[in-house]
Each structure stands twice: as C-alpha cells, then as structure tokens.
Amino acid sequence: MMKPSLFLTLVAVFFMATIKGLAKPQIDKEVDPITKLTLRNPQNGGSGVLWTNIPCSADSDLAGLVTPIFFENGEVTISIPLKRSVCIQFAGNQLFPKSKIILCPGDHLILTADNSSGKWSFGATGDNASGNLYLLDSTLFAGYRWLNEYLTILRTGKGKAELIDQVDSMLDMELESFLSMEKQGDISDAFLSAVKAEMQQMVLYAAGLAVRNIEEANRLRQKAKELYFYYLERYSPLAEMYKGSEMSLRNAGTATLRGHKNLAGGKRIDIGLWDGSKEFFHEYCYLPDDVQIRLFISKIQLLHFVVGAITTPQYVEKVALLGKVVGSSRYLELLRSFIDLNDPSGKNYSRGLFFYDHKFDKLEEVGKEVGENLPEVIKRFFPDKWVLVDVWATWCSPCKKEFGYNKQLHAFLEEKGIAMLYCSVDEPENSDNWRNNLSAFDLTGYHYYITSKAEKELLKIPDFRMLIPRYLLFDNKGKLVHANLPRPSSEKALYEEIEKLMQGN
C-alpha cells in the first residue's frame, strides 16, 4: 500500500492550484470574487486528509464528498471561485468534525476547531462568521432532527393543509435566529437565502424518509406519500435555486429511485452510465444528463473510498466509462487523479492483527491470518488482560464521531489496566482506506482487521449484533462480560459500567 506521506504528497501536487488559490484548467476564468476558507486546529497541530464536497466549478455543482483537502501543522486554506452560494459538508477527521457550513461568493472565512478537551468547540472570524458558528454549534442540518420533527407533525392526524402550515411554522421558527443575524448585519442576504434553501431541502429529505419509516396503518402512510410528492413539487431538487444545496443531489436521486419519473418531465435520458449497475440505478436515467453524471461520480466515490464495495480496478473501469460517455467533464481529471493515489500495493490485511503507532505512522504486524474468532484472538494475544473491543468500519460515521472521545477513554483504560482493540468489519477490498483511517483519526493501538466476511462468526458471540459502533468487554480470562456497552461519548455511563463489571468479576 502506498504510504500516507506519499499519498498526501501526490494529491497535494494535483490540488496545489486549488489550495494556493490558483485556478485549475477546468475552471472558468471569468468568475465572481474568490472565496477563501481557512480551517484551523492549533491545539492539535497535526496533518491529515479531510474529504469535502467543494465544487469543481464556479457554477457550484456539487457531487458528493469527492475532494480531499490537506491539513499541515493544523491548518489548511482553500480558495474557491464561486458564482453562487454553496453548502459545504466535511466528512470529519481528527482535526475537524463532520459538519456543514455555508460559503458565499467573495467570503473570506476562518474557522477554528478544538477537541483537546474531548469535545468540539469552535471559533469563527470573517464574512458570515456568526451564521457559520451557529451551524457548527447546532444540529440544524442533521437529517435525523428534521425527520423526528416532521414525523411528530405528521402523526398529529391533521389534514394536509394544516400539516403544511405546521411544517411552514417549523421552518419559520428555525429561520428566526438567522433573520435576527441578517437584520443586525451579521450575515448577508446571500447567506440567509442559502440557509433557507438548505432547510427546504431538509424538509424534502425528511418527507421522503417519513414514507419509509412509517409502519402504522395504510392511511398514515398514504398521507406521508401525498405530502412527499407535494414537497417534491414545491421544493424540486432540480430547481435552479437549489444548485448549491448539499441535499439537492441526494434528494433528486432518492426521488427517481422511488419511481417518481416526472421529476425531470418523465423522459428517459439514457447516456450509458448505468449499464452493468444494479437495476434500480437505471431509474437515474429519468434525470437530466448533468445530474446523472454527478450522481454517478458520487456513487463510485462512495462505493470505493468509503464503503470499499468496489475495488481499485473496478473504480478505474468506472472512471474510464465516464470518460467514454461524456468525452470531457469538469470532474473527470479530478477522478483520474485518484487512480494512482489509491492503487493498492497488493498488501492484504484481512484477518490480521496489527499495532499502529501514529507518532511514526507505522503499522506493525502482530499476527498474520489469525482467523475470524474474536474471543480466541482475545485469549491468544491478550492473556490475563481485560480488553475493550471497538467494532467499527470506515464507512460508519457514528463510529468515527466516537473517536473524538478517545483521549478521555484511553486515559481511563490506562488507569484501569485495560487493553483496547479496534476491530474493523470493513470489506476485505477496503484495506487501503482502512489503513488511511488509522492515520487520519490517530488510532494508536491494536487493530484487528477481521473484515465483513466474519459476520457469521461474530454473530455466534452471545448477544452480539452487527449494528455499529459496538463496544464489547472481555475479562482477564477471555470471557465476554458485556456485548453492548455505552458509547465513549457517554463518558461517565461507560466508565461506571466497566468499573461495575470489573468489581463484580
């Protein structure tokens, strides 16, 4: 596998134009003022890759988390030519958390993050700083929040008109803080409009999820469907005003997969991208070709770099297909640049036990092909030790969120003499991404790359479920004493439960 230091060096060469504020060849030269964003984590001061959905064109076309940016000494500055406002999403790493912000053309914004205490805190200076600080400190753009509030309104049993009024009132209430900031001159009109657009797409997203989540009588489900199609027409994700919305592309894809082929006029536009894909992806052919292209890019990036469901050779084939179909694209060179960077070395980590040292970015093999029996691995490699097992995967956002509490957790475990074992259930083909995540999240310690192939073996463990993140505790005799401990973010609840188990053993 290519070493992370070389990985960063190569990608940094490709993105040097963007990071240093120079225009890349595929970006139009006649654009609005350059937007600059600086992210800082001075308390950490480290380096790492942060994936984001920064657009590759001044027209603010977003295509999922396809752009890596690189911290050096705890800081990175990005220059972006924009013609319209965009909602930027960060996947999250040890330097900056998973979050969303709004960038407007010409803004110069500096965001500071600090997780040295184990909890994220933020600072912001520059254009629209107050609005973005509010977004970082809140869960305004979190999908679960909108779904929960939407379901609460839907289940009141009122008529369609009354339900719509209640949803509108919910939107107005969420906008109040931003209206106040705009009145005081703390945020621009463009920022306020972008927030409103993203919130409207969050309503559409919640309406779509509600149809799938409702298990009650058919009448309520039918009402949910009726409202969903109402909001799909009212807040069409293909409308020009939502071009910079992070949620709009996802909503467009979801709508077509649910058979709503009238979103783009009901005309099938097969440009040849979905041949050989799962059958339901063929519904994307009812979307405009430019939207199909962005969805295709988003899917192959997600399936390769995050989930690990397609291998590097398969990724190369998909990128070649895109080039064949579209001839040229503002995203094509970006995607091609990742091929060499992620070409696997042939190293197979499957079922191996390793120790990772973040200080030297070194992964040392402790046991090769140790099998898929987690309890036996515990007994063999951790004799006479209590062991806390963190079952996780690189595609699991909640898993990565818990890594933010590692500092306190490791201090507690060291005090109690408990060993820590990270157990990855990634796909075997996702080895490179798994290795890079150890570096990105500073996961110093023991790692067991058991892979998803061990699901049947893991399910033999009493009370174990393949719902992650999951935390297991083994005693000093290798016996499982708890199969579902509280998460590290619960702090006191987790520590007290472990202490109680140790005292009672």
- Task: Give just the number: which of (1) under 23 Å from GLY118 (Cα atoms); (2) touching a strand residue (DSSP E or B) at 6+ places or on another chain (Cβ under 8 Å); (3) modelled with pLDDT under 90; (4) part of a loop (DSSP other than H, G, I, E, B) does PRO486 not satisfy?
- Result: (3)
- Determine whether segment 67-82 contains at least one residue that is farther than 17 Å from THR38 by Cβ and either part of a strand (DSSP E or B) or not assigned by TED's automatic domain parsing to the domain that holds PRO398 (or both). no
- Item | Answer from ALA17, ALA91, ALA23, ALA58 - the residue that is among the small types (Gly, Ala, Ser) and either under 23 Å from ALA142 (Cα atoms) or modelled with pLDDT of 80 or more (or both) | ALA91
- Does segment 449-483 hold any residues that are in contact with a Pro (Cβ under 8 Å, 6 or more places away or on another chain), closer than 14 Å to ASP390 by Cβ, part of a loop (DSSP other than H, G, I, E, B) and not aliphatic (A, V, I, L, M), and which are they? PRO469
- Item | Qualifying positions in segment 135-170 - in a helix (DSSP H, G or I) and exposed (fewer than 15 other Cβ atoms within 10 Å of the Cβ) | ASP137, GLY143, TYR144, ASN148, THR152, LYS160, ALA161, GLU162, ASP165, ASP168, SER169
- Message: For segment 229-245, which positions are crowded, with 21+ Cβ neighbours inside 10 Å and in contact with a Lys or Arg (Cβ under 9 Å, 6 or more places away or on another chain)?
- Response: PRO237, GLY244
- Looking only at residues in segment 405-448 that are assigned to a loop (DSSP other than H, G, I, E, B) and more than 20 Å from ALA309 (Cβ to Cβ), which one is farthest from the chain's Cα centre (by Cα)? GLY417
- Hey, GLU365 in the same structural domain as LYS453 (by TED's automatic domain parsing), more than 28 Å from the chain's Cα centre (by Cα) and at pLDDT below 90 or not: yes
- Query: Before we move on, is LYS359 of a type in the set (D, E, K, R) and closer than 21 Å to SER116 by Cβ?
  - Reply: yes
- Message: So, SER177, is that one assigned to a loop (DSSP other than H, G, I, E, B) and in contact (Cβ under 8 Å) with a residue 12 or more places away in the chain or not?
- Response: no
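For every residue, the table says whether it meets (1) at positive phi; (2) assigned to a loop (DSSP other than H, G, I, E, B); (3) modelled with pLDDT of 85 or more.
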{"site": "PHE191", "(1), (2), (3)": "no, no, yes"}
{"site": "GLU198", "(1), (2), (3)": "no, no, yes"}
{"site": "VAL203", "(1), (2), (3)": "no, no, yes"}
{"site": "ARG221", "(1), (2), (3)": "no, no, no"}
{"site": "LEU227", "(1), (2), (3)": "no, no, yes"}
{"site": "ALA252", "(1), (2), (3)": "no, no, yes"}
{"site": "LEU263", "(1), (2), (3)": "no, no, no"}
{"site": "ARG268", "(1), (2), (3)": "no, yes, no"}
- Note on the structure: Of GLU415, GLU455, GLU376, GLU427, the only residue that is over 27 Å from GLY504 (Cα atoms) and surrounded by fewer than 20 Cβ atoms within 10 Å (Cβ to Cβ) is GLU455
- Item | Candidates ALA493, ALA483, ALA454, filtered to the one that is touching a residue at least 60 places away in the same chain (Cβ under 8 Å) and among the small types (Gly, Ala, Ser) | ALA454
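The values are calculated or read from the model by the stated rules, or taken from the named source; none is laboratory data. Small disclaimer: the values here were computed from a predicted structure and weren't measured. No Cβ is skipped: glycine too gets one built from the backbone with ideal geometry, and neighbour counts run over all protein chains shown.
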